[in-house]
């Protein structure tokens, strides 16, 4: 079992500059504590995500850490120019000493990509941009003639440290998406109730074997995929204290999550719990003292079959000190049980 961090960088009641400073301190603590990776969401025009340019924030993270692997989960490929993104990926892998984890996706929110004018064709743009990224990162020169982009003999001067390219990640849920990720040799992350994670893990292991000989795997350095679950978490000295701190923080975070959807008169995905108790009941949220948290993770790991847990420690109104204490308790009193 391995553990990573997930982060929306959702807005709270502190100035944005302080939010960034607090988050860098939190990631530094996670680096020292031995977490494997830091995975950052990309969102636009919403208080859910105050790092709409992952490359900018992750370049700062790379200079403040030495071991933790880092990457977007995910770059919203439809809104990027492929050549610019190839160069940013190479820079980040070089700046981090080869620690980049490359998450890619088409975007969950149609409103966010819609602001960029690509909502109607985001899937075709995603597929084409991913093909260009793989080709550009693994070739000396780039040629591509497609629906959205055309490149002729472009020199790929910058290269990533990791060869043939950094490992790919995908957020998965549908069978179509899981088959696509398995064909490309990606690590996979799911979210939602424990039953959903169980089904994702089982399907993905099967898909991974079925697509073992797919030529799209040629670029992949992933031998055994990490199949992860995204879980919000808060650890305190007791179950009661953890609940008291996490409940208002979750409500604030959910308000940020649903903010842009409410702007358009709709509701965010039903895969996400609308309150802390519901999230705890279905396994999507883990809140409690160290013993409670340890038992919850062990039970879910056995029931679902995941091998990587991506934990969102910082969310909503939780303070820097509360998050740092939560990470410290987890690292010292929970993680050792899974070595």
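The values are calculated or read from the model by the stated rules, or taken from the named source; none is laboratory data. Quantities reported herein were computed from a predicted structural model and do not represent experimental measurements. Here the Cβ positions follow ideal geometry from the backbone for every residue, glycine too, while neighbour counts run over all protein chains shown.
Some points to look at:
- The lone criterion from (1) surrounded by fewer than 23 Cβ atoms within 10 Å (Cβ to Cβ); (2) in a loop (DSSP other than H, G, I, E, B); (3) touching a residue at least 12 places away in the same chain (Cβ under 8 Å) left unmet by residue 85 is number (2).
- Taking segment 63-80 as the range and being within 16 Å of the chain's Cα centre (by Cα) and buried (at least 21 other Cβ atoms within 10 Å of the Cβ) as the test, the residues that pass are 68, 70, 71, 72, 73, 74, 75, 76, 77.
- Going through (1) part of a strand (DSSP E or B); (2) more than 26 Å from residue 318 (Cα to Cα) one by one, residue 3 falls short only on (2).
- Set 177, 173: member being surrounded by fewer than 21 Cβ atoms within 10 Å (Cβ to Cβ), without any contact (Cβ under 8 Å) to a residue 12 or more places away in the chain and within 22 Å of residue 40 (Cβ to Cβ): 177
- Residue within segment 144-160 that is under 22 Å from the mean Cα position of the chain (by Cα), assigned to a loop (DSSP other than H, G, I, E, B) and touching a residue at least 40 places away in the same chain (Cβ under 8 Å) present: yes
- Residues that are exposed (fewer than 15 other Cβ atoms within 10 Å of the Cβ) and touching a helix residue (DSSP H, G or I) at 6+ places or on another chain (Cβ under 8 Å) within segment 124-142 are absent altogether.
- Qualifying residue in segment 35-44 (condition: under 23 Å from residue 139 (Cα atoms) and modelled with pLDDT of 95 or more): no
- Test for residue 43: is it within 27 Å of residue 260 (Cβ to Cβ), outside any strand (DSSP E or B), within 16 Å of the chain's Cα centre (by Cα) and in contact (Cβ under 8 Å) with a residue 60 or more places away in the chain: yes
- The requirement of being outside any helix (DSSP H, G or I) and either within 19 Å of the chain's Cα centre (by Cα) or over 23 Å from residue 38 (Cα atoms) (or both) is not satisfied by residue 181.
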